[in-house]
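Working notes for the structure below.
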Amino acid sequence: MTLLDFTLIIWLASMLAGLLGALTGLGGGVVIVPLLAVIMHVDLRYAMGASLVSVIATSSGAAAAYVREGFSNIRIGMFLELATTAGALFGAYLAAHVPKSWIGVIFGLVLLFSAWSARHPPRRQSEKVAVDNLAVKLRLNGEFPAPEGPRRYQATNLPGGFGLMGVAGILSGLLGIGSGAFKVLAMDRVMKIPFKVSTTTSNFMIGVTAAASAGLYLHRGYIDPGLAMPVMLGVLIGSLVGAKLLVHMQAATLRLVFALVIAALGVQMIFEGVTGRL
């Protein structure tokens, strides 16, 4: 296989990863890393470095649109980034010291969780939530466009959400993914922030989180431009196409297909890690 052939295959595979990630809202990182490491036999740490670059690119493009449309909450996002950025730096540090077999097993478990998340998306919260005095003092509230008009909300349970965001940051730095599923879990189910705000704010945050850990990956030489460039372009194009196709496709079918693919990759990653093949 020539270098051009390899680059073309990586680009096409990354487009597929970006497409699946956009159609399910979990991002392309959870697909591209196992795809590169298991299917294409790319070194796991180089696959994670390329994935981080693609996460930064796709997050930057979509975040501006969500902020302009009034969905993302920058104040909440920047506050929670204190936890995710610190976690990402720690996770990136661990990535150089934790054996690749362990990383593979952890990644496989995260993929299985992502598959479960795809099949069980958070439901809209309609119950009233308890007032969090700290959230009120920090003005972690806002409003977003809804069919019936602007809908106001107030964040709650800051300690629980902040702690889970730290875990999401560690996973992002350790595995080279945006860990959007964990960020949405923290905001939607723990902090009781509306789902649309949670997903769009998470999209804004994952780029910042990935950028924090990408610096350490670059310093250690785990970001190869020859690999990162086609991955970034492929995921970016795939995510843009996926965003346009989303409105015309059945979400339930997409989530089922995605969950099956991710679960299969997760089991394979765990097997490769346990047997020491990574």
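Between Lys244 and Leu260, the contour length at 0.36 nm per residue exceeds the alpha carbon distance by 3.5 nm. Placing a pseudo-label 7 Å from each Cα along the Cα-to-Cβ vector at Arg151 and His41 gives an inter-label distance of 5.0 nm. Evaluated with a Cβ-only charge set (Lys, Arg +1; Asp, Glu -1), the chain carries a dipole of roughly 660 debye about its Cα centre, given to the nearest 20. Rounded to the nearest 10 degrees, the angle from helix 100-119 to the longest Cα principal axis of the chain is 50 degrees. Summarising the amide proton neighbourhood of Gly142: residues at separation of 5 or more, or on other chains, whose placed amide H is nearer than 5 Å comprise Tyr153.
Of the peptides 210-216, 200-206, 92-98, 131-137, the order by per-residue mean of other Cβ atoms within 10 Å, starting with the highest, comes out as 200-206, 210-216, 92-98, 131-137. You can think of it this way: the chain between Ala86 and His120 has 9.3 nm of extra reach, that is 0.36 nm per residue less the Cα-Cα gap. Build a GNM of the chain with springs between Cα atoms under 10 Å apart, and of Arg220, Arg189, Arg119 the one that fluctuates most is Arg220. Going by neighbour counts of Cβ atoms within 10 Å, the residues Glu272, Glu81 line up, fewest first, as Glu81, Glu272. The count of lysine pairs in the chain with alpha-carbon distances below 28 Å, taking only pairs 8 or more places apart or on different chains, stands at 12.
Within the shell of other residues whose beta carbon sits under 15 angstrom from the beta carbon of Ile103, the net charge comes to +2, with Lys and Arg scored +1 and Asp and Glu -1.
Result for the chain in a Gaussian network model with C-alpha springs under 10 Å: among Met48, Met40, Met165, the largest mean-square fluctuation is at Met40. Extending 7 Å from the Cα toward the beta-carbon at both Arg277 and Tyr93 defines two label points whose distance is 3.4 nm.
A Förster radius of 35 Å combined with the Cβ-Cβ distance from Thr7 to Arg139 puts the calculated FRET efficiency at roughly 0.15.
On a 0 to 90 degree scale, rounded to 10, what angle separates helix 158-175 from the longest Cα axis of the chain? With both axes taken from Cα atoms, the answer is about 10 degrees.
Throughout, read-outs are computed from the coordinates displayed, never taken from laboratory work. From a predicted model like this one, the values you see are computed outputs, not experimental measurements. Glycine gets a Cβ as well: all are built from the backbone with ideal geometry, and neighbour counts include every protein chain shown.
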